[in-house]
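Written below as structure tokens is the structure these notes are about.
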Amino acid sequence: MENHSLSGRTALITGSTSGIGLGMAQALAQAGANIVLNGLGDLQEINTLTAEMAEQYGVDVIYDGANMLDPAEITNMVTTAEAKFGCVDILVNNAGIQYVSAIDEFPEDKWQAIININLVSNFHTIKAALPAMKAQNWGRIINLASAHGLVASPYKSAYVAAKHGVVGLTKTVALEIAEQQITCNAICPGYVRTPLVEGQVADQMKAHNMSREQVINDIFLVAQPSKKFVEVEELGQVAVFLCSPAAKSINGISLPVEGGWTAK
Ligand code: NAD
């Protein structure tokens, strides 16, 4: 039977034109939520995606191209969504980028962009969306951290620092809203097959002169005991669960979805 438990709710998912964010938007739409899509990409393709999603799930879907590097655009996006839907009931902070380099060669602009998109944007979206959640005494905030929010890997200093920051931000917000029917949790995926990871696979193939299969098995899935990528659909269902009544007392956690990586 179809689950329309989020009917009448509105979910804003940053970075939802691709990968995990798109998968989460689809899962939340399937559960009945109206959707605010956000992210970079070809506007015509995004318009098609928006129309298709609305048609497929019978919900309202709008797109806002706010750049997660720009606090004013972020605030505007939340204000626009509230003007249309009343409240951003569900906020998913998902937009993220990656750059891999030894720290002594790490380009400063890449460091800053990763910190700003992966961490600082979460501060701005939460700050903008929380007052309306508080006013209605209901809300769900889901931050996409990473297994790299819990443990480190070499050459990912900016990403690991940003994702550990997301875990800390999640705990702090959770404590601040704990007495209301609002929760703030982080999801910590291991490697998920998305364009972000495909880009890294291609880089590693070049850097090590290895085949695609070798890179996937010997570099990426080495850390992941399941030896399998996490699928986008699994994360969508985790997000729907965190929005459900069963998860109302789950607050401030950083939930690993990584085939056992951080159990080691
Ligand atoms: P992706 O590259 O497929 O998607 C990233 C999304 O963020 C895209 O929609 C892109 O347009 C958007 N984005 C990037 N810069 C932006 C900006 N300045 N303003 C607005 N939007 C912007 O990546 P993904 O793999 O789906 O990753 C999504 C999130 O999940 C990220 O936070 C990532 O760190 C995290 N994550 C991914 C994996 C993985 O293995 N793929 C693992 C753990 C955590």
Ignoring ligands and nucleic acids, Ser153 exposes an accessible area, probe 1.4 Å, in Å² to the nearest 10, of 40 Å²
With every protein chain kept in place and a 1.4 Å probe, the chain has an accessible area per residue in Å² of 46 Å²
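Could you tell me what % of all Cα pairs in region 96-210 have separations over 23 Å?
37 percent
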In terms of the charge dipole of region 112-222, which places +1 on Lys and Arg and -1 on Asp and Glu at the beta carbon, the residue among Ile216, Ala128, Ala186 farthest towards the positive end is Ala128
Heavy-atom accessible area of region 1-126 with neighbours in place, 1.4 angstrom probe: carbon+sulfur share in percent works out to 49 percent
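Quote the FRET efficiency, to the nearest 0.05, computed for Thr80 versus Ala202 with a Förster distance R0 of 30 Å and r equal to the Cβ-Cβ distance.
Values: r = 36 Å, r/R0 = 1.19.
Once the sixth-power term is evaluated, E becomes 0.25.
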A 1.4 Å probe over the protein heavy atoms gives region 186-264 a carbon and sulfur accessible-area percentage of 57 percent
Count of lysine pairs, the chain, Cα-Cα under 20 Å, sep. 8 or more residues or interchain, comes to 15
A chain fully extended from Ile250 to Ser153 at 0.36 nm per residue, minus the present Cα-Cα distance, gains in nm 32.1 nm
If amide H atoms are modeled at 1.01 Å from N in the peptide plane, then the residues at a separation of 5 or more from Val61, or on another chain, having amide H under 5 Å from its own are Ile35
On the formula 1/(1 + (r/R0)^6), with r taken between the Cβ atoms of Leu175 and Leu40 and R0 of 22 Å, the FRET efficiency rounded to 0.05 is 0.10
By accessible area (1.4 Å), largest first, Arg140, Arg212, Arg9 order as Arg212, Arg9, Arg140
Long-range alpha-carbon pairs in the chain, meaning those over 29 Å apart, account in percent for 28 percent
Under the 7 Å Cα-to-Cβ spin-label approximation, Thr262 and Lys227 lie apart by a distance in nanometres of 2.5 nm
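The values are calculated or read from the model by the stated rules, or taken from the named source; none is laboratory data. Keep in mind the model is a prediction, meaning the values are calculated, not measured. Because the Cβ atoms are built from the backbone with ideal geometry, glycine has one as well, and the counts that use them run over all protein chains shown. Only protein heavy atoms, including side chains, enter the accessible area calculation; ligands, DNA and RNA are left aside. Shrake-Rupley method; radii C 1.70, N 1.55, O 1.52, S 1.80 Å.
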